[in-house]
Amino acid sequence: MQQIWHILHTQGGEIVQSIGQHIGLSLISLLIAAVIAIPLAIILMNHQRLAKVMLQITSILQTIPSLALLGILIPLVGIGTVPSIIALVIYAVMPIFQNTYSGLTTIDPSLEEAATAFGLSRRMKLLRIELPLAMPMIISGIRIAMVMIIGTATLAALIGAGGLGTYILLGIETNNNALLIIGAVLSAILALVFGAGIDWLGRLTFKKAGIVLATLVVLIGGFAGYRQVTNSQTTLTVAGKLGSEPEILINMYKDLIEHDHPNIKVNTKANFGATSFLFKALQSGSIDIYPEFTGTVLESLVKTKQSASHSPAKTYQLAKSALKSQYQMAYLKPMAYQNGYDLAVTRQFAKKYHVKTISDLIQVENRVHAGFDPDFNQQKDGYPGLRQAYGLKFASIKTMEPSIRYKAIANGKVNLVDGYTTDPEVQAYHLVVLKDDRNFFPPYQGAPLMSEKLLTDHPELRTTLNKLAGKVTTTDMQKMNYQVSVKHQKAAVVARDYLRSHGLLD
């Protein structure tokens with residue numbers, strides 16, 4: 001509780017901003033879904049077959065996993081608010097349509113006949129009889145959709161739309177339960193508050209409810225338009241993969257760019273996703289810069305007949321050349337440290353089976369139950385290549401997010417995990433890193449990746465970001481990761497402290 005109150009006190013402004021983002025996403029999505037679903041139900045209320053088809057379509061859409069839906073939308077509409085709203089609307093249409101249709105088609109037929117006998121037109125019968133009687137069902141559908149939207153909107157943080165999901169993801173990645181509780185509890189409170197608001201809306205007449213909804217649309221749209229018009233600065237979006245280390249790096253980029261170029265505003269998108277997710281976003285122009293590793297470029301992003309060299313300099317030059325020729329991407333100079341893959345086991349496992357190298361796993365592979373990061377489990381420079389190079393076949397493999405796999409090995413759920421050479425969890429959980437005795441893993445040096453067009457438009461970025469070239473040792477990064485992941489310090493603060501202590505920032 002003390003840690004929660006400390007976060008609320010020191011990060012109150014950021015939390016309020018995240019609540020505002022979450023409310024904005026939820027309200028806009030709900031309004032759009034209602035505008036689509038309610039008229040559609042009215043149109044189809046006398047067309048039973050078409051209504052059943054529509055219900056089946058909306059039901060199928062709801063079965064699509066939210067992360068998969070976001071992944072599909074990114075190449076089409078980019079990242080941020082737009083794909084998040086589209087996804088939320090898709091999930092919210094079904095309960096609103098279903099309840100509205102049910103409410104309109106279960107009205108007592110005698111009331112319908114009486115309205116016709118009194119000479120009411122189709123429009124008047126809808127407004128005076130059918131919609132008022134169906135209103136409790138409609139409101140129930142809107143309430144269900146609202147709860148669903150608020151819960152699902154937490155995933156919007158994965159694609160840079162902000163909201164309370166930022167704290168949930170950050171809590172998971174940094175093993176900070178206080179952040180996780182803050183994000184989850186505030187999301188639950190929002191659901192309760194909006195539920196009460198929808199109940200109040202249901203007590204209004206249909207006309208008054210429409211006026212309230214229209215007013216909300218105008219206010220939200222007007223505020224968004226005002227911010228867009230008044231923002232005269234050049235804005236760049238710098239994103240990072242899941243974890244504390246990418247978040248530290250993107251905050252370094254942000255501080256250096258904004259310090260050297262006050263006319264440029266940098267938005268950071270932490271915990272954005274896996275490698276392919278980020279690279280697609282960079283290609284589509286949804287983000288402008290992100291830190292990528294040389295070994296990952298050669299193994300996962302570019303096509304090359306040459307294998308990665310064990311020389312960091314040669315690996316970087318090969319990656320830089322391939323990115324430029326194949327994707328028109330600019331790859332700036334790398335930092336000093338290498339964040340290569342490794343495999344780690346518990347001390348008990350290493351001692352019991354006399355395991356010191358990756359080759360030693362061959363003798364006990366039927367006893368190995370591995371927990372791997374999704375990237376490591378799929379990429380050529382991860383388990384697929386490792387399995388071929390060493391001839392390994394483990395008893396079982398589970399994929400899980402980076403921070404979770406360390407918890408899994410600590411709790412005995414798995415006995416081997418992949419990791420990175422700069423991970424602080426190796427020390428925190430007393431793990432043994434196995435030696436890569438066949439030199440499978442290529443060099444992994446981090447460097448800023450961006451489009452050639454961005455560098456042409458803003459050549460000053462090269463000088464600014466190259467200030468990090470050859471800086472940040474492996475020890476430096478281990479210490480910074482430890483401060484964020486274990487000590488729960490803010491990545492932005494840790495990044496700024498490093499830049500100042502090394503004379504890169506005033």
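The values are calculated or read from the model by the stated rules, or taken from the named source; none is laboratory data. These numbers were taken from a predicted model, which means no experiment stands behind them. Cβ atoms come from the backbone with ideal geometry, glycine included; neighbour counts cover every protein chain shown.
Condition first: outside the structural domain of Phe279 (by TED's automatic domain parsing), in a strand (DSSP E or B) and in contact (Cβ under 8 Å) with a residue 40 or more places away in the chain. Can you find one or more residues in the stretch 352-368 that meet it?
yes
If you check Ala115, Ala134, Ala145, Ala161, which single one turns out to be crowded, with 16+ Cβ neighbours inside 10 Å, at pLDDT below 80, more than 20 Å from the chain's Cα centre (by Cα) and not acidic (Asp, Glu)?
Result: Ala115 is the single residue among Ala115, Ala134, Ala145, Ala161 that is crowded, with 16+ Cβ neighbours inside 10 Å, at pLDDT below 80, more than 20 Å from the chain's Cα centre (by Cα) and not acidic (Asp, Glu).
In this structure, is Ser321 in the same structural domain as Ser276 (by TED's automatic domain parsing), among the polar types (S, T, N, Q), on the phi < 0 side of the Ramachandran plot and over 31 Å from the mean Cα position of the chain (by Cα)?
So Ser321 fails the test.
Could you list, in sequence order, the residues of the stretch 473-498 that are hydroxyl-bearing (Ser, Thr, Tyr) and under 16 Å from Lys241 (Cα atoms)?
Within the stretch 473-498, just Ser485 meets the criteria.
Hey, could you check the stretch 239-269 for residues that are of a type in the set (S, T, N, Q) and assigned to a helix (DSSP H, G or I) and say which is farthest from Ile287 (Cα to Cα)?
Taking the candidates together, the pick is Ser244.
Looking at (1) at pLDDT below 85; (2) more than 14 Å from the chain's Cα centre (by Cα); (3) not hydroxyl-bearing (Ser, Thr, Tyr), which is the only condition Val93 fails?
Status for Val93: all satisfied but (1).
Evaluate the following for Leu70: is it out of contact with any Cys (no Cβ under 9 Å at 6 or more places or on another chain), crowded, with 19+ Cβ neighbours inside 10 Å and not charged (D, E, K, R)?
It is true that Leu70 is out of contact with any Cys (no Cβ under 9 Å at 6 or more places or on another chain), crowded, with 19+ Cβ neighbours inside 10 Å and not charged (D, E, K, R).
Taking interchain pairs and intrachain pairs at least six residues apart, which have beta carbon atoms under 9 angstrom, with the first residue in the stretch 95-118 and touching a residue at least 40 places away in the same chain (Cβ under 8 Å) and the second of a type in the set (A, V, I, L, M, F, W, C) and part of a loop (DSSP other than H, G, I, E, B)?
The qualifying pairs are Thr100/Met45; Tyr101/Met45; Leu104/Met45; Thr105/Met45.
Residues in the stretch 273-290: is at least one in a helix (DSSP H, G or I) and closer than 18 Å to Ala469 by Cβ?
Within the stretch 273-290, none of the residues are in a helix (DSSP H, G or I) and closer than 18 Å to Ala469 by Cβ.
Out of Ala495, Ala408, report the one residue that is at pLDDT 90 or above, surrounded by fewer than 19 Cβ atoms within 10 Å (Cβ to Cβ) and under 23 Å from the mean Cα position of the chain (by Cα).
Testing whether each residue is at pLDDT 90 or above, surrounded by fewer than 19 Cβ atoms within 10 Å (Cβ to Cβ) and under 23 Å from the mean Cα position of the chain (by Cα) leaves just Ala408.
Per-residue answers, yes or no, for (1) surrounded by 16 or more Cβ atoms within 10 Å (Cβ to Cβ); (2) within 25 Å of Ile107 (Cα to Cα); (3) in the same structural domain as Phe277 (by TED's automatic domain parsing):
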| position | (1), (2), (3) |
| --- | --- |
| Ala51 | yes, yes, no |
| Leu61 | no, no, no |
| Pro75 | no, no, no |
| Gly80 | yes, no, no |
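Report every pair of residues separated by at least 6 positions or lying on different chains whose Cβ atoms are under 8 Å apart, first residue within the stretch 407-425 and assigned to a loop (DSSP other than H, G, I, E, B), second of a type in the set (A, V, I, L, M, F, W, C) and surrounded by fewer than 21 Cβ atoms within 10 Å (Cβ to Cβ).
Val414/Ala408; Asn415/Phe349; Thr421/Val433; Pro424/Val486
Could you tell me whether Ser59 is farther than 26 Å from Gln283 by Cβ, at pLDDT 85 or above, within 29 Å of the chain's Cα centre (by Cα) and not aliphatic (A, V, I, L, M)?
In short, yes.
Test Val297 against the criterion of being of a type in the set (A, V, I, L, M) and assigned by TED's automatic domain parsing to the domain that holds Gln427, and give yes or no.
no
Considering only residues of the stretch 426-477 that are assigned to a helix (DSSP H, G or I) and outside the structural domain of Ile287 (by TED's automatic domain parsing), which is surrounded by the most Cβ atoms within 10 Å (Cβ to Cβ)?
Once the filter is applied, the top-ranked residue is Val426.
Can you work out which of the residues in the stretch 337-375 that are aromatic (Phe, Trp, Tyr) and either over 31 Å from the mean Cα position of the chain (by Cα) or surrounded by fewer than 20 Cβ atoms within 10 Å (Cβ to Cβ) (or both) is nearest to Ile172 (Cα to Cα)?
Phe349
So which of Leu155, Leu126, Leu169 ends up being part of a helix (DSSP H, G or I), within 23 Å of Leu204 (Cα to Cα) and in contact (Cβ under 8 Å) with a residue 24 or more places away in the chain?
Leu126
Of all residues in the stretch 310-335, which are of a type in the set (Gly, Ala, Ser) and surrounded by 17 or more Cβ atoms within 10 Å (Cβ to Cβ)?
Of everything in the stretch 310-335, those that are of a type in the set (Gly, Ala, Ser) and surrounded by 17 or more Cβ atoms within 10 Å (Cβ to Cβ) turn out to be Ala319, Ala322, Ala330.
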